[in-house]
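Trainee: Have a look at this one before I ask anything.
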Amino acid sequence: MTQTLNETHNSDLRSWLDSANTPGADFPVQNLPFGVFRRQGSAEPFRVGVAIGDQILDLAACCDQGLLTGAAAEAGRESSLNTLMGLGAAEWSALRQAISRLLRSDSAQQQQAEATLVPMSDAEMGMPAAIGDYTDFYCSIFHATNVGSMFRPDNPLMPNYKHIPIGYHGRSSSIVVSDTPVRRPHGQTKADDAEAPTFGPCKLFDYELEVGFFVGAGNDQGTAFSVDQADDNIFGFCLVNDWSARDIQKWEYQPLGPFLAKSFSTSVSPWVVTTEALAPYRIPAFERPEGDPQPLPHLDSERNRSHGGVDLDLEVFIRTPQMRQQGLEPHRLSRANFRDMYWTAAQMLAHHGSNGCNLRPGDLLASGTVSGQDKSARGCLLELTWRGSEPIDLPTGEVRRFLQDGDEVILRGACEKEGTARVGFGECRGTILPA
């Protein structure tokens with residue numbers, strides 16, 4: 001999409017819904033993320049909604065009342081966002097503008113629109129899209145360097161890292177929406193001092209703080225995206241926790257990479273923040289140090305260099321069973337920013353399609369662990385505890401090297417700066433069940 005700001009980004013806009021105007025709210029009228037929901041305890045079909053304050057605007061109900069019209073609005077009757085995603089940037093933008101006008105404080109249709117709202121507290125969120133394919137990348141140079149240093153101290157980065165976005169094809173069938181419990185996996189592992197591997201529950205259970213993004217209209221098989229076309233084909237972004245079994249991963253990943261250590265579960269946040277909503281927070285792509293190779297032409301453009309990054313703050317929290325029993329708030333483990341990724345989202349998507357691979361509406365791509373240069377910005381326990389050698393002390397007196405059964409991990413994200421409306425991502429939560 002073009003990076004031009006429009007009336008929907010005006011920081012002075014207010015909604016007639018008071019909860020959308022609360023300072024620090026994730027979902028003001030400038031955000032308007034899309035998700036899939038139904039009323040809790042009902043047999044209603046899932047349908048598309050838009051987050052506004054502490055409420056959900058029911059798009060199907062809006063269509064029934066004639067408040068919204070057109071193909072994009074009618075796609076709100078579907079049980080996933082795939083149809084809407086496939087319509088393209090012009091349709092997305094027109095629908096966003098119509099919803100914005102409907103929800104603003106000067107709307108003449110407030111009374112009718114109020115009747116279509118469902119409180120978030122009464123809603124059950126579903127998977128935002130029917131994800132046909134899922135690809136996970138490895139695009140934080142700080143994460144890659146840290147992990148490489150643990151296993152290859154003299155050569156932490158592989159020779160291709162600064163030339164192409166590194167990724168692997170993940171497992172779409174085990175992607176779950178936030179708040180879905182995650183079962184500790186079994187797998188084959190081999191201790192360093194053991195003669196043979198054994199099979200049993202994962203002992204080194206970890207999270208990974210990631211940002212995901214959904215493909216829009218996509219491309220035909222045998223064709224490719226330019227990096228700017230790829231940017232235009234990103235519908236929106238979400239939070240991703242790519243749960244990882246580090247002991248299983250260590251044994252299986254050579255020579256072909258992650259497999260069963262990743263495929264048991266991946267959690268995503270329920271709200272998809274549109275690319276257009278993030279326009280005020282687009283920033284230059286990561287500035288490569290002097291001497292690093294510049295991207296090849298198919299991964300480069302002036303637009304990507306000047307606006308390829310996103311200034312998105314990300315946080316990871318933990319809440320243990322003991323913390324819940326004592327009524328303690330979640331403890332923050334780290335804070336990072338998506339601007340520190342070596343490769344941009346558009347470069348990831350352009351690279352994915354560069355061989356003619358066809359990507360389809362609703363396909364999910366994820367960034368890989370988002371880590372910064374400082375220890376406080378490391379996006380997983382493998383890094384934070386340096387393979388368990390530097391344990392983390394929690395407010396309860398507990399210690400964590402890796403996750404234990406009953407631990408809840410909470411990811412949060414938001415874009416915020418002076419003079420611009422906050423754009424929040426909500427939360428991505430998951431609690432670990434025993435193997």
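Laboratory data are not the source of any read-out in this text; all were calculated from the coordinates shown. On a predicted model such as this, the values are computed, not experimentally measured, just so you know. Here the Cβ positions follow ideal geometry from the backbone for every residue, glycine too, while neighbour counts run over all protein chains shown.
Trainee: When the helices in the chain are scored as -39500 (n - 2.57) per DSSP H run of 4 or longer and the sum is shared across all residues, what 222 nm value do you end up with, to the nearest 500 deg cm²/dmol?
Mentor: For the chain, the value works out to -4500 deg cm²/dmol.
Trainee: Let me ask something additional. Please report, in debye to the nearest 20, how large the charge dipole of the stretch 134-433 is about its Cα centre when each Lys and Arg carries +1 at its beta carbon and each Asp and Glu carries -1 there.
Mentor: 460 debye
Trainee: In addition: In whole Å, what are the Cα extents of the chain along the three principal axes, biggest one first?
Mentor: Taking the Cα atoms of the chain, the three principal extents are 73, 55, 39 Å.
Trainee: Can you sort Glu124, Glu329, Glu427, Glu208 so the residue with the fewest Cβ neighbours within 10 Å comes first?
Mentor: Glu329, Glu124, Glu427, Glu208
Trainee: Additional query: To the nearest 20 Debye, how big is the dipole of the stretch 272-375 about its Cα centre, given +1 on the beta carbon of each Lys and Arg and -1 on that of each Asp and Glu?
Mentor: 360 debye
Trainee: What distance in nm separates the two pseudo spin-label positions at Cys357 and Ala43, each 7 Å out from Cα along the beta-carbon direction?
Mentor: The two pseudo-label positions are separated by 4.2 nm.
Trainee: Further question on the same structure: Over the chain, what is the mean sequence separation of C-alpha contacts under 8 Å (at least six apart), divided by residue count, expressed as relative contact order in percent?
Mentor: That works out to 21 percent.
Trainee: I need the phi-derived Karplus couplings for the stretch 124-131: 6.51 cos²θ - 1.76 cosθ + 1.60, θ = phi - 60°, integer Hz, Gly and Pro marked x.
Mentor: Karplus values, whole Hz, x for Gly and Pro: 9, 8, x, 4, x, 9, 7, 8.
Trainee: What is the distance, in nm, between label points placed 7 Å from the Cα along the Cα-to-Cβ direction at Asp405 and at Tyr253?
Mentor: Once both label points are built, they end up 2.7 nm from each other.
Trainee: For Gln112 and Asp292, compute 0.36 nm times the residue count separating them, minus their Cα-Cα distance, and round to one decimal in nm.
Mentor: Working it through step by step, the gained length comes to 59.1 nm.
Trainee: Further, regarding this structure: Given labels modelled 7 Å from the Cα in the Cβ direction, how far is it in nm from Gln188 to Glu302?
Mentor: Using points 7 Å along Cα→Cβ, the separation is 5.5 nm.
Trainee: Under a Cβ-Cβ cut-off of 12 Å, what is the net charge of the residues other than Ser376 that fall near it, where Lys and Arg count +1 and Asp and Glu count -1?
Mentor: +1
Trainee: So for the chain, if I pair up every lysine 8 or more residues apart or on another chain, how many of those pairs have alpha-carbons under 13 Å apart?
Mentor: Close lysine pairs found across the chain: 4.
Trainee: Report, by chain and number, residues whose modeled amide H sits under 5 Å from the one on Gly430, excluding near sequence neighbours (fewer than 5 apart, same chain).
Mentor: For Gly430, whose amide H was placed from the backbone, the distant partners under 5 Å are Asp179, Val409.
Trainee: Determine the relative contact order of the stretch 7-125: mean sequence separation of Cα pairs under 8 Å and six or more apart, normalised by residue count, in whole percent.
Mentor: Relative contact order, the stretch 7-125: 31 percent.
Trainee: Still on this model: Between 0 and 90 degrees, rounded to the nearest ten: what's the tilt of helix 89-103 against the longest Cα principal axis of the chain?
Mentor: Long axis of 89-103 versus the principal axis of the chain: about 60 degrees.
Trainee: Take peptides 391-402, 259-270, 33-44 and line them up by average Cβ neighbours within 10 Å, highest first, as a rough protection proxy.
Mentor: Averaged packing, sorted descending, gives the order 259-270, 33-44, 391-402.
Trainee: Roughly how compact is the stretch 7-125, stated as its Cα Rg over 2.2 N^0.38 Å to two decimals?
Mentor: Here the Cα radius of gyration is 0.98 times the empirical estimate.
Trainee: Which loop-located GluC sites (Glu not before Pro) does the stretch 287-391 contain, where loop means any DSSP state but H, G, I, E or B and the Cβ has at most 12 other Cβ atoms within 10 Å?
Mentor: Glu287, Glu290
Trainee: Need the C-alpha centroid separation for the stretch 177-229 versus the stretch 1-80, integer Å.
Mentor: Each part reduced to its Cα centre gives a spacing of 30 Å.
Trainee: Which far-off residues, 5 or more places away or on another chain, put their amide H under 5 Å from the one on Arg183, with H placed in the peptide plane?
Mentor: Leu433
Trainee: Let me ask you something else. What FRET efficiency would be calculated for the residue pair Asp122, Asp12, taking the C-beta separation as r and a Förster radius of 30 Å, to the nearest 0.05?
Mentor: 0.45
Trainee: Write down the Å³ per residue value for the convex hull defined by the alpha carbon atoms of the stretch 354-431.
Mentor: Given the Cα convex hull of the stretch 354-431, per-residue volume reads 217 Å³.
Trainee: Please turn the phi angles of the stretch 26-33 into ³J(HN,Hα) values with the Karplus equation 6.51 cos²θ - 1.76 cosθ + 1.60 (θ = phi - 60°), one per residue in order, whole Hz, x for glycine and proline.
Mentor: Per-residue couplings from phi come out as 6, 10, x, 5, 7, 9, 6, x Hz.
Trainee: Would you list Met125, Met348, Met323, Met158 from fewest to most Cβ contacts within 10 Å?
Mentor: Ordered by Cβ neighbours within 10 Å, fewest first: Met158, Met323, Met125, Met348.
Trainee: Now for a different question. So who's got an amide H within less than 5 Å of the one on Gln55, skipping anything under 5 residues away but keeping other chains? H placed 1.01 Å off N, in plane.
Mentor: Amide H to amide H, under 5 Å and 5 or more residues apart or across chains, Gln55 pairs with Met120.
Trainee: How do Ile166, Ile248 line up, fewest other C-beta atoms within 10 Å first?
Mentor: Least crowded to most crowded, the residues run Ile166, Ile248.
Trainee: Can you give the relative contact order of the stretch 264-336 as a percent, counting alpha carbon pairs under 8 Å and 6+ residues apart?
Mentor: RCO, the stretch 264-336: 28 percent.
Trainee: Kindly write out, for the stretch 257-272 in residue order, the coupling ³J(HN,Hα) from the Karplus curve 6.51 cos²θ - 1.76 cosθ + 1.60 (θ = phi - 60°), rounded to whole Hz, with x marking Gly and Pro.
Mentor: Each residue's phi maps through the Karplus curve to give x, x, 9, 6, 5, 10, 7, 7, 5, 9, 9, 10, 6, x, 9, 9 Hz.
Trainee: Taking the Cα atoms only, what angle lies between the long axis of helix 141-151 and the longest principal axis of the chain, rounded to 10 degrees?
Mentor: Relative to the chain, helix 141-151 is tipped by roughly 20 degrees.
Trainee: Local charge sum around Pro321 (other residues, Cβ-Cβ under 9 Å, Lys/Arg +1, Asp/Glu -1)?
Mentor: Its environment carries a net charge of -1.
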